[in-house]
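K.L.:
If you scroll down you'll find the structure; I have some questions about it.
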Amino acid sequence: MRLRSFVIGTIGVVAIAVRAVAFDYPKDAVIYDGAVGTTKVKITASAQPFSRAAHKTTELRNAGTKEKQDWKSATVDGKNVVGTDQTLPIDGLPQLSALTVWFGEQRVSIPVEYLHHVFLPRLEPATFTDAYIDTLVAFSADGKALYLSLGVGDGGGAGTYDLRIRADGKVFTTPIQRPNP
């Protein structure tokens, strides 16, 4: 009986502690502000608390058999989650909610289809300290496109989320290719 009470009490304390974790939800954080040639470039980003009820979601699942497993990532609005260990995050986890790039006066707002499946974005300015970097920005020679690599996740889900963004508003998630020799 005492053990049962102890276990129930411990579970209650852990549940309260998990809910008490405070997250930061930056709004319009400036992650880059500079120039490419004569073109001023600014990048801002925001995060919001994730809510499963606000999205179409699927859990991490085995699409194979017990003998031959084939694990499929959890999804948010049809996209594989980024920034977790492929599992669907808990409500309240920071979710990338807005990303805006200004190429001079040209404003490019990144559509939410590229954002809402990204969790624990580290919206730090594009600088590096010693051997670490959270945000990397590289530009095309003409300054009309950029490559953005955001640090995301924590622990087993840590990694990067990479986008190519053009001044004409086109966005790509495919990797940059090197030309053949």
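K.L.:
Report, by residue number, each residue of segment 138-181 that is outside any strand (DSSP E or B) and under 21 Å from ARG107 (Cβ atoms). Give the steps one after another, and end with the answer.
P.N.:
To start, the set of residues in segment 138-181 that are outside any strand (DSSP E or B) comprises 140-144, 153-158, 167-170, 173-181.
Within segment 138-181, SER140, ASP142, GLY143, LYS144, ALA167, ASP168, GLY169, LYS170, THR173 qualify.
K.L.:
Which ones in segment 115-137 are surrounded by fewer than 17 Cβ atoms within 10 Å (Cβ to Cβ), assigned to a strand (DSSP E or B) and within 18 Å of the chain's Cα centre (by Cα)?
P.N.:
TYR132, ILE133, LEU136
Residue-wise test of (1) surrounded by 14 or more Cβ atoms within 10 Å (Cβ to Cβ); (2) of a type in the set (S, T, N, Q); (3) out of contact with any helix residue (DSSP H, G or I) (no Cβ under 8 Å at 6 or more places or on another chain).
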site: GLY37; (1), (2), (3): no, no, yes
site: PHE50; (1), (2), (3): yes, no, yes
site: LYS72; (1), (2), (3): yes, no, yes
site: SER97; (1), (2), (3): yes, yes, no
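K.L.:
Look through segment 151-161, keep the residues that are over 17 Å from VAL137 (Cα atoms) and surrounded by fewer than 17 Cβ atoms within 10 Å (Cβ to Cβ), and return whichever of them is modelled with the highest pLDDT.
P.N.:
Restricting to residues being over 17 Å from VAL137 (Cα atoms) and surrounded by fewer than 17 Cβ atoms within 10 Å (Cβ to Cβ), the top hit is ALA158.
K.L.:
Run THR173 past the list (1) loosely packed, with under 13 Cβ neighbours inside 10 Å; (2) touching a strand residue (DSSP E or B) at 6+ places or on another chain (Cβ under 7 Å); (3) closer than 16 Å to ILE43 by Cα and report the number of the one that doesn't hold.
P.N.:
Going through (1) loosely packed, with under 13 Cβ neighbours inside 10 Å; (2) touching a strand residue (DSSP E or B) at 6+ places or on another chain (Cβ under 7 Å); (3) closer than 16 Å to ILE43 by Cα one by one, THR173 breaks only (3).
K.L.:
Quick check, is ARG164 surrounded by 12 or more Cβ atoms within 10 Å (Cβ to Cβ), without any contact (Cβ under 8 Å) to a residue 24 or more places away in the chain and of a type outside the set (Asp, Glu)? Even if it seems obvious, please write down each step before you answer.
P.N.:
On the way: surrounded by 12 or more Cβ atoms within 10 Å (Cβ to Cβ): yes; without any contact (Cβ under 8 Å) to a residue 24 or more places away in the chain: yes; of a type outside the set (Asp, Glu): yes.
Taking the combined requirement at face value, the residue satisfies it.
K.L.:
So, in segment 138-148, exactly how many residues are farther than 12 Å from PHE103 by Cβ, surrounded by 12 or more Cβ atoms within 10 Å (Cβ to Cβ) and without any contact (Cβ under 8 Å) to a residue 60 or more places away in the chain?
P.N.:
Going through segment 138-148 one residue at a time, the tally reaches 2.
K.L.:
Okay, moving on. From (1) surrounded by fewer than 16 Cβ atoms within 10 Å (Cβ to Cβ); (2) basic (Lys, Arg); (3) modelled with pLDDT of 95 or more, pick out the condition that doesn't hold for LYS66.
P.N.:
If we test LYS66 against (1) surrounded by fewer than 16 Cβ atoms within 10 Å (Cβ to Cβ); (2) basic (Lys, Arg); (3) modelled with pLDDT of 95 or more, just (3) comes out false.
K.L.:
Taking segment 14-46, which residues are under 23 Å from LEU99 (Cα atoms) and at pLDDT below 80?
P.N.:
Listed by number, the list holds a single entry, ALA22.
K.L.:
If the requirement is being of a type outside the set (A, V, I, L, M, F, W, C) and without any contact (Cβ under 8 Å) to a residue 12 or more places away in the chain, which of these qualifies: PRO111, PRO121, PRO179, PRO175? Break it down stepwise before answering.
P.N.:
On the way: PRO111 fails: without any contact (Cβ under 8 Å) to a residue 12 or more places away in the chain; PRO121 fails: without any contact (Cβ under 8 Å) to a residue 12 or more places away in the chain; PRO175 fails: without any contact (Cβ under 8 Å) to a residue 12 or more places away in the chain.
Result: PRO179 is the single residue among PRO111, PRO121, PRO179, PRO175 that is of a type outside the set (A, V, I, L, M, F, W, C) and without any contact (Cβ under 8 Å) to a residue 12 or more places away in the chain.
The values are calculated or read from the model by the stated rules, or taken from the named source; none is laboratory data. Worth saying up front: this structure is predicted, and the values here are computed from it rather than measured. With ideal geometry, Cβ positions are generated from the backbone for all residues, glycine too; neighbour counts draw on all protein chains shown.
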